[in-house]
Amino acid sequence: MKSFRKNIGTILFLCICSNTYAQYDNYDSVEDWTLEDVEEEAPKPQHKEYKNALYVHYSPSRYFTDDYKQKFHEFSVGYARSIQIMEDMPYFLEVGANVKYSHAKDNGIKYDLLTFRIPVNAVYKLYLSKTKDIALAPYAGVHIRAIAAGKEDDWKSFQIGWQTGLRFYYNKVYLGVSYSRDFPDKEKNPHVHECSVHVGYCF
């Protein structure tokens, strides 16, 4: 009887040891078992909104006066500073300045102008990629324009206008199109209507 009980105890002990070993049989070590349960997430890429931009414009424009309409070819360079209005939304206030050279020729007469302009724009970005490096940005705003040199005697130096446009951003570079014109004012000549294509670099 004692021998039978002893054999039963031995068999139970071997069964318990076999089950315990089987639980860890699929793992090479305790360290492997621990690493399988705890996985570190890969760090997400950080997007940077660049605050500064340099750009160049080409603008075929029309200057209207009471007597005639004159077409100009215009080239400008400028700088813009962006300020994000809300931290969790891609709304920006953009303030800058540019200088523009305008040239026209009519009936053998050449026209050359030098103009300074201060634009202020509200910009919203529509991100097209998870990393936010690709975006479309519609914008609109107002500007102050001053003809510094080459104006006719009856042309006013300071005028106020508005502009709207769309940009395509790819990382630090953007390409855009825009339209602008002066606010209506019968006392001020010329009235400028301007279409433009521009390229910018952000930093």
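The values are calculated or read from the model by the stated rules, or taken from the named source; none is laboratory data. The structure displayed is predicted, hence computed values, not measured ones. Here the Cβ is made from the backbone with ideal geometry for all residues, glycine too, and neighbour counts use every protein chain on show.
Determine whether A80 is aliphatic (A, V, I, L, M), in contact (Cβ under 8 Å) with a residue 40 or more places away in the chain and under 20 Å from V199 (Cβ atoms). Full working, then the answer.
On the way: aliphatic (A, V, I, L, M): yes; in contact (Cβ under 8 Å) with a residue 40 or more places away in the chain: yes; under 20 Å from V199 (Cβ atoms): yes.
Yes; evaluated as a whole, the condition is true for this residue.
For the structure I just gave you, tell me whether K125 is at positive phi, buried (at least 16 other Cβ atoms within 10 Å of the Cβ), assigned by TED's automatic domain parsing to the domain that holds H57 and not aromatic (F, W, Y).
On the way: at positive phi: no; buried (at least 16 other Cβ atoms within 10 Å of the Cβ): yes; assigned by TED's automatic domain parsing to the domain that holds H57: yes; not aromatic (F, W, Y): yes.
Answer is no for this residue.
Counting only residues that are surrounded by 15 or more Cβ atoms within 10 Å (Cβ to Cβ) and out of contact with any Asp or Glu (no Cβ under 9 Å at 6 or more places or on another chain), which one in region 143-163 is modelled with the lowest pLDDT?
K151
Does K132 fit the bill of being in contact with an Asp or Glu (Cβ under 6 Å, 6 or more places away or on another chain), of a type in the set (K, R) and either in contact (Cβ under 8 Å) with a residue 40 or more places away in the chain or over 26 Å from K188 (Cβ atoms) (or both)?
On the way: in contact with an Asp or Glu (Cβ under 6 Å, 6 or more places away or on another chain): no; of a type in the set (K, R): yes; either in contact (Cβ under 8 Å) with a residue 40 or more places away in the chain or over 26 Å from K188 (Cβ atoms) (or both): yes.
So K132 does not fit the description; no.
Are any of the residues in region 78-92 assigned by TED's automatic domain parsing to the domain that holds P190, in contact with a Ser or Thr (Cβ under 7 Å, 6 or more places away or on another chain), crowded, with 16+ Cβ neighbours inside 10 Å and of a type in the set (S, T, N, Q)? Talk me through it step by step, then tell me what you get.
Pass one, region 78-92, residues assigned by TED's automatic domain parsing to the domain that holds P190: 78-92.
With in contact with a Ser or Thr (Cβ under 7 Å, 6 or more places away or on another chain) added as a condition, the list becomes 92.
Next, only the ones that are crowded, with 16+ Cβ neighbours inside 10 Å stay: 92.
Going one step further and asking which of them are of a type in the set (S, T, N, Q), we end up with none.
No: zero hits.
Would you confirm, using the coordinates I've provided, whether V56 is under 14 Å from S196 (Cβ atoms) and in contact (Cβ under 8 Å) with a residue 12 or more places away in the chain? First the steps, then the outcome.
Values: under 14 Å from S196 (Cβ atoms): yes; in contact (Cβ under 8 Å) with a residue 12 or more places away in the chain: yes.
For V56, the condition - under 14 Å from S196 (Cβ atoms) and in contact (Cβ under 8 Å) with a residue 12 or more places away in the chain - is met.
For region 179-196, enumerate the residues that are without any contact (Cβ under 8 Å) to a residue 40 or more places away in the chain and either under 28 Å from E49 (Cβ atoms) or surrounded by fewer than 19 Cβ atoms within 10 Å (Cβ to Cβ) (or both).
Start the filter on region 179-196 by keeping residues that are without any contact (Cβ under 8 Å) to a residue 40 or more places away in the chain, which leaves 179-188.
Y179, S180, R181, F183, P184, D185, K186, E187, K188 - these are the residues of region 179-196 that are without any contact (Cβ under 8 Å) to a residue 40 or more places away in the chain and either under 28 Å from E49 (Cβ atoms) or surrounded by fewer than 19 Cβ atoms within 10 Å (Cβ to Cβ) (or both).
Which of the residues that make up region 72-95 are more than 16 Å from I147 (Cα to Cα), of a type outside the set (G, A, S) and touching a Phe, Trp or Tyr at 6+ places or on another chain (Cβ under 9 Å)?
Correct list: Y79, I83, Q84, I85, M89, P90, Y91, F92, E94.
Inside region 71-107, can you point out the residues that are touching a Gly at 6+ places or on another chain (Cβ under 6 Å) and among the polar types (S, T, N, Q)?
Correct list: N98 only.
Could you please give the count of residues in region 179-203 that are aliphatic (A, V, I, L, M) and assigned to a loop (DSSP other than H, G, I, E, B)? Reasoning before the result, please.
Residues of region 179-203 that are aliphatic (A, V, I, L, M), as a first pass: 192, 197, 199.
Keeping just the survivors that are assigned to a loop (DSSP other than H, G, I, E, B) gives none.
Adding up the residues that qualify gives 0.
For K130, only one of the following conditions fails: (1) over 28 Å from the mean Cα position of the chain (by Cα); (2) part of a loop (DSSP other than H, G, I, E, B). What is its number?
Only one criterion is unmet by K130, namely (1).
If I ask for residues that are polar (S, T, N, Q), in a strand (DSSP E or B) and either touching a Cys at 6+ places or on another chain (Cβ under 9 Å) or modelled with pLDDT under 90 (or both), which ones from region 97-108 would you list? Reasoning before the result, please.
Filtering region 97-108 for residues polar (S, T, N, Q) gives 98, 102, 107.
From the residues that got through so far, the ones that are in a strand (DSSP E or B) too are 98, 102.
Matches in region 97-108: none.
Quick one: how many residues across region 62-96 are within 26 Å of the chain's Cα centre (by Cα) and part of a strand (DSSP E or B)?
Adding up the residues that qualify gives 21.
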